[in-house]
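The values are calculated or read from the model by the stated rules, or taken from the named source; none is laboratory data. Worth saying up front: this structure is predicted, and the values here are computed from it rather than measured. Cβ: placed from backbone, ideal geometry, glycine included. Neighbour counts: every protein chain shown.
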Amino acid sequence: MVEMRVVGLTLDEQNKTPVVILRAMNGEVVLPILVGPMEAMAISLALDNQSLPRPLTHDLLLLCIRALRHELVSVEITRCEEGVYYASLVLHSQSNRLRVDCRPSDAIALSLRAKAPILVSKAIMSRMPDAECGKPKEMPPVVDAAADMVRRAGAQKEVNALHSALLREGGLPKANDPDREAKFKELLHVLEPVSRLKM
């Protein structure tokens with residue numbers, strides 16, 4: 001496993017999905033992971049050391065882990081299958097060690113709060129650009145499951161709104177309405193399968 005740190009959040013310009021950027025502690029190799037907007041907010045709050053009067057979901061989970069007398073010792077991004085990363089929380093107590101399956105976005109948000117290391121498997125790292133040789137390896141875009149769910153939910157909401165408009169107006173938008181045409185094109189892009197999106 002290779003230890004990495006969060007160096008920032010950005011936005012994928014094509015599909016407007018937040019991206020968390022991890023960088024290897026001992027090198028220049030970076031790992032971008034697309035995340036959902038709520039997870040991006042949770043990561044951003046932790047990066048900025050902001051605390052809220054009441055605990056949010058990740059704060060609450062960390063409080064529960066500690067109340068059950070466990071410690072989050074690390075998070076591991078273990079594998080990538082069909083464009084989706086998988087992660088685990090590694091928990092220790094005096095009597096046992098637990099591994100809990102989770103999304104990378106949640107793992108990162110928790111690791112920042114617990115000051116726990118983020119570890120990435122060597123299998124994933126072998127697909128990253130090699131900064132030393134200067135010849136990046138090709139890597140297909142990888143989508144966090146949270147981002148995929150948010151995209152689908154947004155697309156369904158848009159479909160419902162457009163369906164209502166079609167029923168109300170009795171037809172498709174006029175060809176001379178560029179704003180409506182752009183909205184339809186964006187909807188078609190959002191509905192495209194994740195595996196075919198070019199990011």
Considering L63, L119, L47, L68, which residue is touching a residue at least 60 places away in the same chain (Cβ under 8 Å) and surrounded by fewer than 17 Cβ atoms within 10 Å (Cβ to Cβ)? L47
Looking only at residues in segment 59-82 that are farther than 17 Å from L22 by Cβ and either of a type in the set (D, E) or under 15 Å from the mean Cα position of the chain (by Cα) (or both), which one is modelled with the highest pLDDT? E71
Mind listing whichever residues of segment 80-102 are surrounded by 13 or more Cβ atoms within 10 Å (Cβ to Cβ) and under 23 Å from A24 (Cβ atoms)? C80, G83, V84, Y85, Y86, A87, S88, L89, V90, C102
Starting from segment 82-100, keep only residues that are at positive phi, then list their pairs with residues that are surrounded by 12 or more Cβ atoms within 10 Å (Cβ to Cβ) and assigned to a loop (DSSP other than H, G, I, E, B) whose Cβ atoms are within a distance under 6 Å, requiring at least 6 positions of separation or different chains. G83/V142
(1) under 16 Å from I118 (Cβ atoms); (2) surrounded by 14 or more Cβ atoms within 10 Å (Cβ to Cβ): which one isn't true of N15, the others all being true? (1)
Mind checking whether some residue in segment 61-79 is closer than 26 Å to A155 by Cα, touching a strand residue (DSSP E or B) at 6+ places or on another chain (Cβ under 8 Å) and assigned to a loop (DSSP other than H, G, I, E, B)? no
Please go through segment 20-51 and give me each residue that is charged (D, E, K, R) and not in a strand (DSSP E or B), ordered by number. E28, E39, D48
